[in-house]
Amino acid sequence: MRSRAILFFCACILGAGAARAAPPDVTTIAGSGAAGIADGPALKATFLFPSGVAVAPDGSIYISDTAAQRIRLLTRSGEVKTVAGSGAIVPPGLIVAPGYRDGPALQAQFNGPQGLAIGPDGALYIADSNNGCIRMLLHGQVTTIVGKCGQNPQPYRWNPAFVVDGPIATASLIHPSALAFDADGNLYIADDGGGLRRWAHGVLTSDHFAEEHSLPQGDAISAIGVAVAGGADPVIVVSTHTDVFAYYPLTGRDTIMYPDKAADGNPFGHPNQLAAIDAQQFLFTDLITENVRYLRLQKLPFNGSVFTRVIAGGRYERGSDNAGFANGTLTDSRFYDPMGIAVVGNRAIVADGGNRRIRQILLPASRVSEAGFDPANHVDSKHYEVALIGASWSFWDTLGDDSICAHIEAALNHSHRFRKPVRCHTIRIDAGKTGNFEDYIKKVFSYERMDLVIMDAEAYASDLPATKEARAAFGPRFRAHMQQLLAALKPLRTRLALLWIYNAQDTSDSEWIVQGFPFYRAPPTTHFHDAYTEIAGALRGTPILHYDMYDDILKYELSIGAAPLYAQIDQHPNPRGNAFFGDHIAQGLLAAGLGKH
């Protein structure tokens, strides 16, 4: 392994722990997989098409069985029972005849119930989708809250004239599909055809996105999923048939997350139902990629990007090949038409519609701290604290023990060169832009002790001049800037490390990026490596740790049985790449003198 002993603080991707047998992260908690409406022990009970879930305060789980026109309950004792809805299965045996009736719960009738939410009054609120109304289950009775049940015209999606705001006497919905309450008790409704609606104080209103003008006609009103997080300043995340929005009702500000361009190679499919982990982190089910995805919102001023990755349901970022049924690890598990999702503690509950089961996902821990450290990531005096600061490559895999930061952490701990256990944090600062990093030191590191900061050299030298002569003049400026960073970190007694890592085209494109549209790369070059090597000398004599990964990457790719370091459709490390990068970064910094104190 080749390294250079120049002291420098380097921002790096999250590392993962030592290899070990993965626990059963994904399990079935209800449903045999057979089609039916049988109650009983959870794993023997049958469903027709479960599509909505809501977790009650006591831990029991309400389930909307859409095709069965029923609301089911998975009790804490492991029993499934019907708590609302009626009707018999009609031939060929995959649906119960729909209807509309309020009254005693087990005599009530529904027409395609989907989204569920527990209200502040303890009642269960039900999006009776095909009836176009919101129903409530409380004390064994079903009542209609808002909407003209059974009166909405078809096809519902293209009839905005039927979207009527106002009090219960006049208000109407098109096709409500998901529900979520905010901290003030306002009910947000994803109305497929009507957009984002809000029911508060007996009045139905519509919230409009500023981004509507940029969307194809109809997409802006095709709200199908909604999740609410935050207290005094809530964020409402809404999924449409093509997009995900973050909407801030107090200011009216909204941000479009990403368009659905799976056909063009974009690794996002069809965002469906959403659930909030907190005001920055969300989960959503994806009907194209047949998996469950993690969504992380922007965290200004340091991180202006949106981050999403697969949590569970297949090794591929896109493609219907993921579809199926399997429990086990996050990557080996399979789903088929995952629908509703709810988060409780460190678990996600998923209505796996096509598999007729209710699934549970044990969520991996997040290590990212973009604009401060939450309680789970807070630094303390009992650990040797390491911050890995980088752009998308470090931001991409920040969850669980297969991440780069976890591998860095494990390798440094195994070196036995630190008096305290090493703990690694990933920090995404947009492409590591220089001004943002100085601001981060002042606003965050000023009160959060950090022993080592690792940074990607490319973030500070991404604007390398094209000619050798111009780069010679660039070197002194680069050195001056690094000295400014050292001065900012000196009061914190923080060591600085710089990592020299290169873009995919610098090495074998057949190993790093799959060949083929849209990720084809020209034959590998050494442009960035050569340019960085020229300016590396400018750091000579500064107390900066410096590790050059180029030779190690080449050795890896020339080794027998080498496998891609990066995901098959995206320029971000896969679990194998995370292990490679994390282990080599740690070993390179150790060889450069890290930990000799």
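The values are calculated or read from the model by the stated rules, or taken from the named source; none is laboratory data. Only a predicted model underlies this, so the values are computations on that prediction, with no experimental measurement involved. All Cβ positions, glycine included, derive from the backbone under ideal geometry; neighbour counts span all protein chains shown. Protein only, heavy atoms only, side chains kept; ligands, DNA and RNA dropped before computing areas. Shrake-Rupley method; radii C 1.70, N 1.55, O 1.52, S 1.80 Å.
Figure legend. Inter-residue proximity from the stretch 33-60: first residues closer than 17 Å to Val344 by Cβ, second residues of a type in the set (D, E, K, R) and part of a loop (DSSP other than H, G, I, E, B), beta-carbon distance below 6 Å, spacing 6+ or different chains. Indicated pairs: Gly59/Arg76; Ser60/Arg76. Considering every residue within the stretch 147-161, establish whether at least one is modelled with pLDDT of 95 or more and either among the aromatic types (Phe, Trp, Tyr) or part of a loop (DSSP other than H, G, I, E, B) (or both). Checked the stretch 147-161: no residue is modelled with pLDDT of 95 or more and either among the aromatic types (Phe, Trp, Tyr) or part of a loop (DSSP other than H, G, I, E, B) (or both). Would you confirm whether or not the stretch 285-305 contains a residue that is at positive phi and in contact with a strand residue (DSSP E or B) (Cβ under 9 Å, 6 or more places away or on another chain)? Yes, the conditions are met somewhere in the stretch 285-305. Within the stretch 56-75, the set of residues being among the acidic types (Asp, Glu) and farther than 16 Å from Gly115 by Cβ comprises Asp58 only.
Annotation: of all residues in the stretch 64-117 being among the charged types (D, E, K, R) and assigned to a loop (DSSP other than H, G, I, E, B), the one that is least open to solvent (accessible area, probe 1.4 Å) is Asp102. Within the stretch 367-420, the set of residues being farther than 19 Å from Glu448 by Cα, of a type in the set (D, E, K, R), in contact (Cβ under 8 Å) with a residue 60 or more places away in the chain and part of a loop (DSSP other than H, G, I, E, B) comprises Asp397, Arg417. Within the stretch 118-130, the set of residues being open to solvent by 10 Å² or more (accessible area, probe 1.4 Å) and not in a loop (DSSP other than H, G, I, E, B) comprises Ile118, Tyr125, Asn130. Are any residues in the stretch 60-96 within 25 Å of the chain's Cα centre (by Cα) and farther than 16 Å from Thr28 by Cα, and if so, which ones? The answer is Ser64, and nothing else.
Just one of the numbered conditions (1) at pLDDT 80 or above; (2) over 14 Å from the mean Cα position of the chain (by Cα); (3) buried (at least 16 other Cβ atoms within 10 Å of the Cβ) is not true of Val343: (2).
Within the stretch 194-204, being farther than 17 Å from Val237 by Cα and either of a type in the set (S, T, N, Q) or surrounded by 13 or more Cβ atoms within 10 Å (Cβ to Cβ) (or both) holds for Ala200, Val203, Leu204. Filtering the stretch 490-513 to residues that are in contact with a Ser or Thr (Cβ under 9 Å, 6 or more places away or on another chain), at pLDDT 55 or above and within 16 Å of His529 (Cα to Cα) leaves Trp500, Tyr502.
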